[in-house]
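The values are calculated or read from the model by the stated rules, or taken from the named source; none is laboratory data. Not measured: the values here are computed from a predicted model. Here the Cβ positions follow ideal geometry from the backbone for every residue, glycine too, while neighbour counts run over all protein chains shown. Note: areas computed on protein heavy atoms with side chains; ligands, DNA, RNA excluded. Shrake-Rupley method; radii C 1.70, N 1.55, O 1.52, S 1.80 Å.
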Amino acid sequence: TMWNLMNSSKMQPIGLDIGHSAIKMIQLCRAGQTIRVVAARDAVIDPGLSRDPAARREFIVSSIRQMLSRADFSGRRVVSCLPGDVLKIKSLRLDTDNPDEIEQFMRTEVASRFGLKPDVDELRYMVAGTVFQGDQMKNEVIFFGVERDALADHLAMLEEARLEPVTLDTVPSALFRSFQLSLRRREDKDLVSVLVDLGCRYTTVIIGKGHQILFIKQIPIAGEHLTEEVAGRLGIRLEEAAMLRSRLRYPESADVEPETIHAVTDAMNNAVETLSREIALCFKYYAVTFRGQRPAEAVFAGGEAYESTLMNALRRHLGLQIRIAEPLRGFDLKQVGLDRRSNPQLCEWAVAVGLAMRGLDVSDRLTQQEEVFQETV
């Protein structure tokens with residue numbers, strides 16, 4: 001398998017993030033020590049399209065074609081990622097570090113746990129590191145699986161949109177890569193990073209050390225779930241609940257009454273408690289498995305990270321410092337008109353930026369994990 005199909009040109013392929021609520025496309029170019037954003041476009045996906053897969057696909061294809069025609073994207077080569085609801089992820093501890101034995105275990109035991117067919121569907125793995133289980137030393141391995149039909153359907157959609165897919169990635173690896181610019185210094189090699197992406201349907205937690213991913217978990221509690229909780233508790237339609245939550249991103253400027261803020265916060269409380277508990281369990285797993293200290297800070301990305309009511313609730317429940325990701329910090333944005341007035345951190349672009357950075361040398365070395373997620377197309 002040839003994992004990396006990139007060439008050595010300075011112009012990067014387009015990074016394409018097709019989420020449940022929005023489409024984002026961005027292209028980067030390296031000029032000396034500067035990374036310039038060549039083009040960037042996004043489009044909102046109507047939530048109602050989720051009830052009609054064919055209409056949703058048609059909208060995505062049409063939107064991508066329009067964005068390609070309206071912006072200064074160079075070429076049609078693209079790096080995309082598989083949506084979280086088709087990707088299966090599982091961490092397991094093995095007695096072996098032999099690649100052949102891990103491969104065999106993946107094609108038998110892991111495939112069975114995922115409900116996948118090893119001779120048909122796609123399975124990958126990466127070694128997170130050695131850990132102690134009691135007095136025994138084990139190998140912590142993260143496995144990934146996806147049905148071949150889902151993979152083929154995604155590629156067909158990209159080609160229908162007149163794109164040339166060169167590599168497929170995963171949301172966790174793209175997220176982690178988007179933070180590597182801040183991890184280039186030698187003294188950062190032992191720095192523990194906690195990245196949390198608050199998406200529409202999934203919250204993705206990634207814990208890494210230096211340039212090494214140690215832990216990944218997808219939690220099925222995110223924006224949609226919180227909106228449903230608000231709608232149910234307040235007795236309003238989902239569209240109204242979504243609009244109300246969007247106003248709470250900046251309650252002061254939106255002139256939202258304190259009673260309304262309290263009602264929405266109370267309606268989300270059970271879901272936020274559950275989400276916080278799941279995130280805290282990720283921290284505990286890391287501390288026990290890798291014998292490290294509980295993280296003191298977490299960086300949050302994704303569109304939901306702008307909602308101050310939600311973030312304040314997570315701060316209270318988690319009891320640690322939280323900051324909002326800035327995936328485009330330090331990039332040359334002069335050529336594009338990204339609107340930073342309402343969302344100055346642009347944290348919703350983290351996945352797209354990570355995809356666009358695929359193959360871009362932003363550290364002293366490329367790790368094994370930079371290669372292992374990729375799928376030949």
Under 5 Å from the placed amide H of Gly129, counting only residues 5+ away or on other chains, we find Glu140
Dipole magnitude of the chain about its Cα centre (Cβ charges: Lys, Arg +1; Asp, Glu -1), debye to nearest 20: 920
With θ set to phi - 60° and the Karplus curve 6.51 cos²θ - 1.76 cosθ + 1.60, what are the ³J(HN,Hα) couplings of segment 94-105 in order, to the nearest whole Hz, using x for Gly and Pro? 10, 7, 10, 10, 6, x, 5, 5, 5, 4, 5, 4
Per-residue HN-Hα couplings for segment 302-307, Karplus 6.51 cos²θ - 1.76 cosθ + 1.60 at θ = phi - 60°, whole Hz, x for Gly and Pro? x, x, 6, 6, 7, 6
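How much accessible area per residue does the chain have, counting only protein heavy atoms and a probe of 1.4 Å, in square angstrom?
Roughly 48 Å² per residue, with all protein chains present.
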Return the single residue from Ile261, Ile213, Ile236 with maximal mean-square fluctuation; model: Gaussian network over the chain, springs between Cα atoms under 10 Å. Ile236
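Rounded, prolate or oblate: pick one for segment 14-88, where a ≥ b ≥ c are the square roots of the eigenvalues of its C-alpha gyration tensor, a/c under 1.5 means rounded, and failing that, prolate if a/b is larger than b/c, else oblate.
Here segment 14-88 falls in the prolate category.
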Among the DSSP beta bridges whose two residues both lie in the chain, what percent are antiparallel, rounded to the nearest 5? 75
Quick check for me: using +1 on Lys/Arg Cβ and -1 on Asp/Glu Cβ, what's the dipole size of segment 87-238 about its Cα centre, in debye to the nearest 20? 580
Taking amide H positions as placed 1.01 Å from N in the peptide plane, with prolines and chain starts having none, which residues 5 or more places from Ile35, or on another chain, fall under 5 Å of its amide H? Asp332
Value of relative contact order over segment 222-296, rounded to a whole percent, pairs C-alpha under 8 Å and six or more apart: 27
Between segment 313-340 and segment 120-150, how far is it from one alpha carbon centroid to the other, in angstrom? 30
If you take the charge dipole of the chain about its Cα centre, with +1 on Lys and Arg Cβ and -1 on Asp and Glu Cβ, which of Pro118, Ile221, Thr289 is farthest toward its positive end? Thr289
Shape of segment 198-245 from its Cα gyration tensor (a ≥ b ≥ c, root eigenvalues): rounded if a/c is under 1.5, otherwise prolate when a/b > b/c, or oblate? prolate
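Please give me the summed charge of the neighbours of Arg57: other residues whose Cβ is under 12 Å from its Cβ, Lys and Arg +1, Asp and Glu -1.
On the way: positive: Arg56; negative: Asp52, Glu58, Asp153, Glu160.
Result for the neighbourhood of Arg57: -3.
Which net charge results when you count Lys and Arg as +1 and Asp and Glu as -1 among the other residues whose beta-carbon is under 10 Å from that of Cys29? Could the numbers behind the result be given before it?
On the way: positive: Lys10, Arg30, Arg36; negative: Asp332.
Result for the local shell: +2.
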Which one, Thr108, Asn98, Gly232, is farthest towards the positive end of the dipole of segment 96-237 when Lys and Arg carry +1 and Asp and Glu -1 on their Cβ? Gly232
Consider the candidate values [x] 60, 52, 43; [y] 75, 71, 41; [z] 63, 42, 39; state which one is Cα extents along the principal axes in Å computed from the structure displayed. [x]
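Under 8 Å for C-alpha pairs, at least 6 residues apart: give me the relative contact order for segment 1-92, rounded to a whole percent. Kindly include the intermediate steps, with their values, before the conclusion.
Numbers: 111 pairs, mean separation 26.9, N = 92.
RCO, segment 1-92: 29 percent.
So how much slack lies between Ser74 and Ala152, counting 0.36 nm per residue of separation and subtracting their Cα-Cα distance, in nm?
Result for the pair: 25.6 nm of gain on full extension.
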With r defined as the distance between the Cβ atoms of Asp100 and Val288 and R0 fixed at 22 Å, what FRET efficiency is calculated, to the nearest 0.05? 0.15
Let me spell out the model: positive unit charges on the Cβ of Lys and Arg, negative unit charges on the Cβ of Asp and Glu, origin at the Cα centre of segment 16-142. What dipole size does that give, in debye rounded to 20? 800
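Pop out the carbon and sulfur fraction of the accessible area of segment 251-320 as a percent, whole number, probe 1.4 Å. Don't skip to the end; give the middle numbers.
On the way: 1650 of 3400 Å².
Whole-percent figure for carbon plus sulfur exposure: 49.
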Could you check the simple spin-label distance between Thr260 and Leu191, using points 7 Å along Cα→Cβ, in nm with one decimal? 4.0
So what are the ³J(HN,Hα) numbers for segment 82-92, from phi and the Karplus equation (6.51, -1.76, 1.60; θ = phi - 60°), rounded to whole Hz, Gly and Pro as x? 7, x, x, 7, 10, 9, 9, 10, 8, 9, 9
